[in-house]
Amino acid sequence: MKQNKILHLICQAHLDPVWIWPRRDGYSEALTTIRSAVRFLEKEPDMRFTRSSSAVYRWIEESDPGLFRGVQDLVREGRWEVVNGWEVQPDCNLPLGESFVRQSLYGKRWFKDHLGVDVTIGYNVDTFGHAGNLPQILKQSGFDHYVFMRPPRDPQGRPYPPLFWWESPDGARVLCWRIQGNYGQSPGATVDSMEEELRRQAKENFTLGINHVAFFLGVGNHGGGPTRRQLDRIRQLQQDPDLPELRFSTLGEFFKAVKKDEGFPRVPVHREGLQYINVGCYAAHGRIKRAVRQAERQLLLAESLESMARLAGLPRHSTFWEDHLPAWRSLLFNQFHDILGGTCIQSADTSIFNQFGHTSHIAEASMDRSLHTVSRQIDTSWAAQGVLVLFNPLPWKREAHVAFDTFVAPTGEAPITHLQEAGGKRHPIQWANSETSFGPMGMEWGKLNATISLPPLGYRAFSLAEGDVLHSDDWNPSIAKVNKRRPGLSHFGLPRGENLLAQSVRLEVLQDTGDTW
């Protein structure tokens, strides 16, 4: 059967760093699995090994420097392949686009600095779905290829081809390989079942007129990798004339060979997202999803405020990026598809939320530093008493609803009645009950509310002024109009103003007939 057909054996070991075990156990299993792979490569000169995720490589470097040096040597020899180039294999639907960019930025930079490789193969084999604009992010981050397993079929039940171009709306393309069968063998699989799967793929998957197929070899999901029995059986099968050539290979070598094949010009193009699998994952564990989005927003706001400080002419904070790197790494690690998807054991939550707290603390401390650094440079000599400085860290103008607890009458005499700018312009305020029922030294304490227009990436300063109460003649609450025919929102904005929605927002109901799995 050989006929120039090659079945590329991709030796690897899929391991979830957190899932139905805590991070500590994932850490331990990763070290054991990598040690096993290195020992096999020392004894099998034609064997190759493929491994993803910068978080795992950092664990090796930190906990077993000797093992890490062994991996470095194998990388230099071309026998150890680094794929994915990201912190972990994250959920590929729920994070912000900026998080995917940071996965590439920090992951690829680490691999370049510590292993001397530029990773160009995206690799999310266990992720439950893949957003349709990922090819754009991948391509602009230096990736040319993408490997996945889930989902095997589109929402209409049609199977995705094993090899295809994946194209995003902007026209960016990456060449995809959809793993046939599984990303390895189960812990209980026998070598006979492995051989049966190998023969099936050799028979069914040379279907595009391309003479190359990638077969994933190695025990997962709790680590492990190729076993002695598997390798011995492969040696026997390499002599079988009824099988194609069985070649220990890497994904890079596989894609390189595919592109030279006569059938390559006929590879189809797919122009949508790759959805859905494990539908319940998109709804489960809302607390983690809220924590992820909050941490994303806090880190991005902190970086915007640092940029504002620099635009104001202040020197860059000397350790800003160094301070933020561990915060981003904690966030990106916890966007792992089983964590963000809500499919981990509950006992893992304590460690997960501790890491979110670490991220949020770094972001909040950074924001405090930037805000006060800028505010101390503002000339407030024109103000008779207290000054309120309002910042907008977003790159567009906004109407900000301000609320903060303070003294109603700081001097104990005339109360604060409005906000006033340096040029004399006044702005109305409204007092409401504060969060507490008392103030310092028993003085009156309330919540000051105002609506203020703020410039993009800028600020405005106001005096907490006394005098006649200022009433607003043009106050209009924002309103939402509900579309009753197709449940959702058709208008959101001011009654006499612009509709802030580019188009109607509707509710979508998806039938989910199973549990998360």
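The values are calculated or read from the model by the stated rules, or taken from the named source; none is laboratory data. Everything quoted here is computed from the prediction, not taken from an experiment. Here Cβ is always computed from backbone atoms with ideal geometry, including for glycine, and neighbour counts include all displayed protein chains. With ligands, DNA and RNA removed, areas are computed over all heavy atoms of the protein, side chains included. Shrake-Rupley method; radii C 1.70, N 1.55, O 1.52, S 1.80 Å.
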Inset, instruction - Specify the residue that is modelled with the highest pLDDT; the eligible residues are those in the stretch 150-160 that are surrounded by fewer than 20 Cβ atoms within 10 Å (Cβ to Cβ) and in contact with an Asp or Glu (Cβ under 9 Å, 6 or more places away or on another chain). - result: Y160
Inset, instruction - Report the residue count in the stretch 121-149 for those that are buried (at least 17 other Cβ atoms within 10 Å of the Cβ) and free of Cβ contacts under 8 Å to residues at least 40 places away in the same chain. - result: 6
Inset, instruction - With the checklist (1) modelled with pLDDT under 80; (2) open to solvent by less than 60 Å² (accessible area, probe 1.4 Å); (3) of a type in the set (S, T, Y) in hand, flag the one item S490 doesn't pass. - result: (1)
Inset, instruction - Being among the small types (G, A, S) and free of Cβ contacts under 8 Å to residues at least 12 places away in the same chain is the filter here, so list the residues in the stretch 434-458 that pass it. - result: S437, G442
Inset, instruction - For the stretch 305-345, name all the residues that are surrounded by fewer than 18 Cβ atoms within 10 Å (Cβ to Cβ), assigned to a helix (DSSP H, G or I) and not hydrophobic (A, V, I, L, M, F, W, C). - result: S307, R310, E322, D323, P326
Legend entry - Odd one out for Q298 among (1) without any contact (Cβ under 8 Å) to a residue 12 or more places away in the chain; (2) of a type in the set (S, T, N, Q); (3) part of a helix (DSSP H, G or I): (1)
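Could you please find all residues in the stretch 428-466 being small (G, A, S), outside any strand (DSSP E or B) and either under 30 Å from P395 (Cβ atoms) or at pLDDT 90 or above (or both)?
Listed by number, the residues that qualify are S434, G439.
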Inset, instruction - Output yes when any residue across the stretch 320-337 is within 30 Å of P455 (Cβ to Cβ), in contact (Cβ under 8 Å) with a residue 12 or more places away in the chain and touching a His at 6+ places or on another chain (Cβ under 9 Å), and no when none is. - result: yes
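Is there a residue being assigned to a strand (DSSP E or B) and under 13 Å from the mean Cα position of the chain (by Cα) anywhere in the stretch 133-143? Write out each step before concluding.
Taking the stretch 133-143 and keeping what is assigned to a strand (DSSP E or B), we get none.
No, every residue in the stretch 133-143 fails to be assigned to a strand (DSSP E or B) and under 13 Å from the mean Cα position of the chain (by Cα).
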Inset, instruction - For the stretch 107-119, indicate whether the set of residues that are more than 18 Å from the chain's Cα centre (by Cα) and at positive phi is non-empty. - result: yes
Inset, instruction - Please verify whether the stretch 503-514 includes one or more residues that are modelled with pLDDT of 80 or more, surrounded by 10 or more Cβ atoms within 10 Å (Cβ to Cβ) and assigned to a loop (DSSP other than H, G, I, E, B). - result: yes
Inset, instruction - Could you please let me know if A422 is open to solvent by less than 30 Å² (accessible area, probe 1.4 Å), more than 42 Å from the chain's Cα centre (by Cα) and at negative phi? - result: no
Inset, instruction - For residues that are open to solvent by 60 Å² or more (accessible area, probe 1.4 Å) and of a type in the set (S, T, N, Q), tally how many sit in the stretch 386-419. - result: 1
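Confirm whether Q180 is open to solvent by less than 30 Å² (accessible area, probe 1.4 Å) and not in a helix (DSSP H, G or I). Talk me through it step by step, then tell me what you get.
Details: open to solvent by less than 30 Å² (accessible area, probe 1.4 Å): yes; not in a helix (DSSP H, G or I): yes.
Yes.
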Inset, instruction - Kindly provide the set of residues from the stretch 1-33 that are open to solvent by 50 Å² or more (accessible area, probe 1.4 Å) and closer than 24 Å to I352 by Cβ, ordered by number. - result: W19, I20, R23, R24, D25, S28, T32
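Out of the helices (runs of 4 or more DSSP H) lying entirely within the stretch 53-117, which hold 3 or more residues that are surrounded by 15 or more Cβ atoms within 10 Å (Cβ to Cβ) and of a type in the set (S, T, Y)?
Fully inside the stretch 53-117 and qualifying: 97-115.
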Inset, instruction - Determine whether the stretch 398-412 contains at least one residue that is farther than 18 Å from F462 by Cα, outside any loop (DSSP other than H, G, I, E, B), charged (D, E, K, R) and more than 18 Å from the chain's Cα centre (by Cα). - result: no
Legend entry - Hits in the stretch 144-160 - residues which are more than 18 Å from D91 (Cβ to Cβ) and under 17 Å from the mean Cα position of the chain (by Cα): none
Inset, instruction - For S360, state whether it is over 18 Å from the mean Cα position of the chain (by Cα), open to solvent by less than 30 Å² (accessible area, probe 1.4 Å), over 20 Å from F462 (Cβ atoms) and not aromatic (F, W, Y). - result: no
Legend entry - Whichever residue in the stretch 161-176 is in a loop (DSSP other than H, G, I, E, B) and within 18 Å of H212 (Cβ to Cβ) and, among such residues, is most open to solvent (accessible area, probe 1.4 Å): P161
